[in-house]
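Notes follow the structure.
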Amino acid sequence: MSIDVPRARTFMTTHARVLDRHRFEAVTTGSAHARRAIIDALGAYRNPYGGYGWGIEPDLRDPGSQSAGALHAVEAMAEAGPEAAPLAVLQGNGRWAAGRLRRPRRRGLTALVSDALRQVPVRARWR
């Protein structure tokens, strides 16, 4: 099966978030500008303490940082590549994630999503 890139580009332009548009552009063109733009777009989802929230994972609209958001950010950073992703951004996300892992959990595991999601509207699968 072949992919109709022009049709995909039209769809991304009309329906995708800015972050996803830059990710698509980076994958389809290899543009250094698009890779840097991924990191810039990630800034809209970054919290002051280094984690990622604010709907970076489209089904989680919580402004607080979540594990799924951190993973989504790391995937976008990987697509941007080491030339585009500043070390400070990676370290901030790493510090936030390490802090989550140090917190004791009732069942001994780190939750996929935090208890804060009980106060914000999310899709049922995240409850």
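The values are calculated or read from the model by the stated rules, or taken from the named source; none is laboratory data. Predicted model, so just to flag it, every value in this text is computed and none were measured. Cβ coordinates were reconstructed from backbone atoms using ideal geometry, including for glycine residues, and neighbour counts include every protein chain displayed.
Quick notes
- When region 28-39 is limited to residues that are surrounded by fewer than 16 Cβ atoms within 10 Å (Cβ to Cβ) and touching a residue at least 12 places away in the same chain (Cβ under 8 Å), the one that is farthest from SER2 (Cα to Cα) turns out to be ALA32.
- Of the residues making up region 30-43, none is more than 14 Å from ALA84 (Cα to Cα) and either in a loop (DSSP other than H, G, I, E, B) or out of contact with any Cys (no Cβ under 8 Å at 6 or more places or on another chain) (or both).
- The one condition in (1) touching an Asp or Glu at 6+ places or on another chain (Cβ under 8 Å); (2) in contact (Cβ under 8 Å) with a residue 40 or more places away in the chain; (3) buried (at least 20 other Cβ atoms within 10 Å of the Cβ) that ARG46 fails to fulfil: (1)
- Applying the condition of being buried (at least 17 other Cβ atoms within 10 Å of the Cβ) and hydroxyl-bearing (Ser, Thr, Tyr) to region 49-87 and asking which residue is modelled with the highest pLDDT yields TYR52.
- Residues of region 51-86 classified as of a type in the set (D, E, K, R) and closer than 17 Å to SER31 by Cα, total: 2
- LEU90 being at pLDDT below 70 and over 14 Å from the mean Cα position of the chain (by Cα): no
- Within region 15-29, the set of residues being part of a helix (DSSP H, G or I) and not hydroxyl-bearing (Ser, Thr, Tyr) comprises HIS15, VAL18, LEU19, ASP20, ARG21, HIS22, ARG23, PHE24, GLU25, ALA26, VAL27.
- One residue from MET12, MET1 being without any contact (Cβ under 8 Å) to a residue 24 or more places away in the chain, farther than 30 Å from ARG95 by Cβ and part of a helix (DSSP H, G or I): MET12
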